[in-house]
Structure formats: C-alpha cells, structure tokens
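Written out below as structure tokens is the structure these notes cover.
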Amino acid sequence: MPYANILVTKQDGYAIVQFNRPDVLNALNIKLMEELVDALEILDKDDEVRAIILTGNEKAFAAGADIKEMADATAIDMLIRDQFARWDRIRKIKKPLIAAVSGFTLGGGCELAMTCDIIIASETAKFGQPEINIGVMPGAGGTQRLTRAVGKYKAMEMVLTGKMISAEEAVRWGLVNKVVPIEYFLEEAKALAKEIASKPPVAVRLAKEAVLKAFDTTIEGGLEFERRNFYLLFASDDQKEGMKAFTEKRKAEWKGK
Ligand code: DAK
C-alpha cells in the first residue's frame, strides 16, 4: 500500500498502522487522515487481519491535528472542506483497534487513541486536550469519550486547563489499559493483538459492537442488543466448534464463519 504519511505492515493475524510524520510529532494533517481512513477500511475487509494496532513513535503518538494547516481557515472554509468528517469513519471500523502510544498524545492524537478499543501506553506517554491554549476546544470526541473514561471532574480540568497528564495518572484514571516501559509498548500491543487474532472473529466482532453500544443506549436497550448478538452467534460454525472442542477437551479451530 503506497502511503506517504503512514506505514502499514501485517503479521501474525494483525496489522500495524504507524503514523510517519516524525518531524512534526505526527501532527494529523488532511493527507495523513485520508491515508489512515483508507488503510483502516481496507484492513477491516482483509480476512488475514483480525486486529489493528495504531501507533506513532517513541516521542509522539500524535501531537494533535495539524495546527498550521487549519490556522488561517474561516468557519466557512472548515464547513466546506469538512476535512474532519472522515474521522467519523474510524469509529465504524469493526475490527478491534489497539492504540500503542508513547510520548505526546495530545488533542486529536488523544482523541484518536480514545477512538481505539484498547490503549497500551509507554511510561513516557503524556495525554492532554490542549486545544483551549490555541483558542478552540476538542472536536473529535475529547469532551465525550474523555468524560466517559475519566469522569466529569477530571475531564473538565483537562479540557479547561489543557494540562497534560502522565501515563501513570492516565492508568489510574482509567484512560489506558496498561503502562509498560518504553521499550515494550509496541511489543505489549502486538502480544494483545496476536491474542485477539487467535479468537473466533465473528464473536470478536459482535462483542466489540455490543461493548460500544453501552456508550449510546440505555441499560435496557444495551442488554437487549447484547442478548441478540449472543443468540446470533449460535448461527456461527465457530460456536458449534468452540463448544464441541470444549467437551472433547481439544483446542478449537476457528473458521471465522
Ligand atoms: N500541528 C502542527 N505542527 C506541530 C504540532 C501540531 N499539532 N505539534 C507539534 N508540531 C510541530 C512543531 O511546530 C515543530 O515544528 P518545527 O517548528 O520544527 O517546524 C515540531 O512539531 C516539534 O514541535 P516543538 O518544537 O513544539 O516540540 P516541543 O517538544 O518543544 O513541544 C509539544 C512539544 C507537543 C508540547 C508542542 O509541539 C505543542 O504544544 N504542540 C501542539 C499541541 C496541540 O495544541 N495539539 C492540539 C491541536 S488541535 C476534529 C478532529 C480533531 C481535532 C479537531 C476537530 N473534528 C472531527 C471536528 C483536533 C484538533 C487538535 O488536535
């Protein structure tokens, strides 16, 4: 896949998408976001890929949307360009997304990490929504996903002061799954991706969908949705195989059907 701003690799049943604008701390410009969404949609349909890791480098996951690119825009330019509309397509990706973050994870970078399903951080990761310092506010989920992750008071402090929090605070506040030494953050994410890739793909897909449903429904509606997905899995070959393998005391062989 010939991309200029990201690098895409595949191995062991998962893919890694690495942001590749190191000179500007992986600032997310229009081109990078176009490439990212394109790659994710292709990988989402690729049967060899059962989980996707998004990562940057040791210094930055991403320091936010590219400020220089939008600095002179008027509201009408923003409306007509509608460059941010493609961000919505990332939350429609059906395969599990794992963010492996290190260094600056700010603004749109933090929001992109929060769009993922699991976040693994290096000890050096710094999270923040600093948009307030440049006269704007979070626009890709920072006020919503951050609030659901860390609660109203901490989200309010981060959004209104723009201050960064450390990886250690982030894990304590429930914003990340795990913090590991810098040399292991990608390895840890790969191990997780490999483990998820070894699970029955249809069940993984419906389970992700049901967990995400919890963010936009009542408990009643969510439980109903969960139950339907649970029942639906009894139409899969993998459910028959999984339960048969259990009773026969052997390892299941998944077909992904
Ligand atoms: N945009 C463009 N360039 C950036 C950048 C950014 N966000 N962040 C860093 N850079 C560039 C710097 O300009 C510098 O480039 P040169 O000067 O060398 O050409 C290079 O990266 C290295 O940065 P620094 O020299 O500043 O490095 P330091 O270590 O001194 O400082 C820093 C690191 C991360 C603290 C600092 O660079 C910084 O404060 N960066 C800006 C962080 C920020 O404000 N991020 C939020 C941006 S607004 C939406 C979707 C998304 C968004 C909005 C709406 N919708 C779906 C509607 C997102 C908005 C944002 O993210």
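A170 meets the conditions (1) more than 19 Å from F104 (Cβ to Cβ); (2) among the small types (G, A, S); (3) more than 15 Å from the chain's Cα centre (by Cα) in every case but one. The failed one is (1).
Yes/no matrix, rows are residues, columns are (1) farther than 20 Å from I134 by Cα; (2) not aromatic (F, W, Y):
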{"position": "L32", "(1), (2)": "yes, yes"}
{"position": "L40", "(1), (2)": "yes, yes"}
{"position": "V49", "(1), (2)": "yes, yes"}
{"position": "A62", "(1), (2)": "no, yes"}
{"position": "M78", "(1), (2)": "no, yes"}
{"position": "W87", "(1), (2)": "yes, no"}
{"position": "K94", "(1), (2)": "yes, yes"}
{"position": "V101", "(1), (2)": "yes, yes"}
{"position": "E111", "(1), (2)": "no, yes"}
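For the range 127-140, the tally of residues that are assigned to a helix (DSSP H, G or I) and touching a Gly at 6+ places or on another chain (Cβ under 8 Å) stands at 4.
Only one of G242, G221 is in contact (Cβ under 8 Å) with a residue 12 or more places away in the chain, within 29 Å of D44 (Cα to Cα) and outside any loop (DSSP other than H, G, I, E, B). Can you tell me which?
On the way: G221 fails: in contact (Cβ under 8 Å) with a residue 12 or more places away in the chain.
Exactly one residue qualifies, and that residue is G242.
The C-beta contact set for the range 130-143 (first residue free of Cβ contacts under 8 Å to residues at least 24 places away in the same chain, second residue near the ligand (Cβ under 7 Å from one of its atoms), distance under 8 angstrom, 6+ apart or interchain) comprises M137/E131. As for the range 90-97, it holds at least one residue that is at pLDDT 95 or above and farther than 23 Å from L186 by Cα.
Conditions (1) among the charged types (D, E, K, R); (2) under 25 Å from L97 (Cβ atoms); (3) out of contact with any strand residue (DSSP E or B) (no Cβ under 6 Å at 6 or more places or on another chain); (4) modelled with pLDDT of 95 or more, marked per residue:
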site: E226; (1), (2), (3), (4): yes, yes, yes, yes
site: D237; (1), (2), (3), (4): yes, no, yes, yes
site: E241; (1), (2), (3), (4): yes, no, yes, yes
site: A252; (1), (2), (3), (4): no, yes, yes, yes
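Can you report the number of residues in the range 129-144 which are under 30 Å from K190 (Cβ atoms) and either near the ligand (Cβ under 7 Å from one of its atoms) or over 16 Å from the mean Cα position of the chain (by Cα) (or both)? Selection size over the range 129-144: 4. Scanning the range 200-247 for residues that are among the charged types (D, E, K, R) and under 28 Å from E48 (Cβ atoms) yields R205, K208, E209, K213, D237, D238, K240, E241, K244.
Across the range 63-109, what is the total count of residues that are at positive phi and near the ligand (Cβ under 8 Å from one of its atoms)? Spell out the reasoning first.
First pass over the range 63-109, keeping only residues at positive phi: 64, 82, 103, 107.
Okay, now just the ones that are also near the ligand (Cβ under 8 Å from one of its atoms), so 64, 107.
Residues that pass the stated criteria total 2.
Could you check the range 8-126 for strands (runs of 3 or more DSSP E) lying wholly inside it with 3 or more residues that are surrounded by 15 or more Cβ atoms within 10 Å (Cβ to Cβ) and touching a Gly at 6+ places or on another chain (Cβ under 6 Å)? So the answer is 60-62.
The values are calculated or read from the model by the stated rules, or taken from the named source; none is laboratory data. The structure displayed is predicted, hence computed values, not measured ones. Heads up, the Cβs are rebuilt from the backbone with ideal geometry, glycines too, and the neighbour counts pull from every protein chain shown.
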